[in-house]
Amino acid sequence: MNTFKSLSCLALISVGIWGCSLQDLSEYRVEITAYDYAFQAPEELPAGWITFILNNEKAHEIHELSFARLPEEITYGEYLDEYVGAWEILLKEFQAGEVKRSGISARINELLPDWADGVKYVNARGLVSPGRSAEKTVYLEPGSYALDCWVKTEDGIIHLSNGMTRPITVTDESANSPEPSAENKITLKENEIDVQWNAETGFHSFAVLIEADSSGSPVHNNIHLIKTEENTDLNEVNTWMDWYKVGGLRAPAPADFLGGVSTYDATPDESATYFSLEIDEPGEYAWIVQVADGEQLWNTFNIP
Ligand SMILES: [Cu+2]
């Protein structure tokens, strides 16, 4: 099992990752290895801030880490049968054209069990292309979780249906790990991605803050970094990032994803979401936030 705790602070300083203090000695790091289609992951973790490294260097497809916290009385088996099963039925009907996009919400409510509202997505995505690794740091309360990949195969099958899912129990024991002190800040505004950083090759850590709309809801729930080529169509990437599209998150990916995060239960401005990634070569890149069709929210830039 590739679980290890607390890389030494000196090692981190030597490669210039964190503004390190003695408290950072207890950063809790877990490596999750992705395969097509499986995760190698621990069965049990302590509660608190956990840094997950998604190692996608052994797989041939793009993958993600999605953490769903299960309702207390529900087993992982029930979650797979009744909850994931409902989404599988919906997806088949949607792909067959029997359910339209506008009808998804009504149909999935018919299919899902009564307890479905109790499933909480504490953190998702962080799409990572094959050959890459990326990190994110997530706060986990004690409880039962499912670690899933919701990306779809070329045939439109959810990776988790092919086995890319693991149960993880978060115990009452504390990870004794501090909230990350990321070196860079990203603020997601309604029409702007505000990134405060030095765009250069190397390892970069980010805290993501999300502004609220007039009703108090977060204006966005995701951000990713992609490497672009001359023919990369960012409108196409935006459309592809929408799971609720027949071709959404379905192989092949239209861009090279370095990492990022999605968060569904975020509180605007109050708590940050954390991720880190490695920019391994100069070139053209883009920060992209998946937004509704016809809208655009990205920043393109060059790494010299
Ligand atoms: Cu996957």
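Here, each number is a calculation from the coordinates, and none is a lab measurement. Small disclaimer: the values here were computed from a predicted structure and weren't measured. Cβ coordinates were reconstructed from backbone atoms using ideal geometry, including for glycine residues, and neighbour counts include every protein chain displayed.
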**Report entry** J(HN,Hα) series, segment 213-223, from Karplus relation 6.51 cos²θ - 1.76 cosθ + 1.60, nearest Hz, glycine and proline x
**Finding:** 7, 5, 8, x, 8, x, 6, 8, 9, 7, 7
Query raised in the report: For the chain, what is one quarter of the convex hull surface built on the Cα atoms, given in nm²?
Result: 15.7
Query - Share, in percent, of DSSP beta bridges within segment 184-303 that are antiparallel, nearest 5 - result: 85
Report task. Express the relative contact order of segment 184-303 as a whole percentage, based on alpha carbon pairs under 8 Å and six or more residues apart in sequence. Result -> 33
Report summary line: Residue span GLU73 to ALA212: 0.36 nm per residue of separation minus Cα-Cα distance leaves a gain in nm of 46.7 nm
Query raised in the report: Among GLY156, GLY118, GLY216, whose mean-square fluctuation peaks in a Gaussian network model of the chain (Cα, cutoff 10 Å)?
Result: GLY216
Query raised in the report: Of the residues HIS224, HIS60, HIS204, which exhibits the maximal mean-square fluctuation in a Gaussian network model of the chain defined by a 10 Å Cα contact cut-off?
Result: HIS60
Query raised in the report: Which longest uninterrupted range of the chain lacks any GluC sites (Glu not before Pro) assigned by DSSP to a loop state (not H, G, I, E or B) and surrounded by at most 15 other Cβ atoms within 10 Å?
Result: 99-153
Requested in this report: Mind telling me which of ILE108, ILE193, ILE53 comes out most flexible in a GNM of the chain, alpha-carbon contacts under 10 Å?
Outcome: ILE108
Query - the chain - charge dipole about Cα centre, Lys and Arg +1 at Cβ, Asp and Glu -1, debye rounded to 20 - result: 240
Query raised in the report: Can you list, bin by bin at 5 Å, the percent of alpha carbon pairs in segment 184-303, starting at 0?
Result: 2, 11, 22, 24, 21, 14, 6, 1, 0
Query - FRET E, pair THR232, ALA96, Förster distance 35 Å, beta-carbon r, rounded to 0.05 - result: 0.70
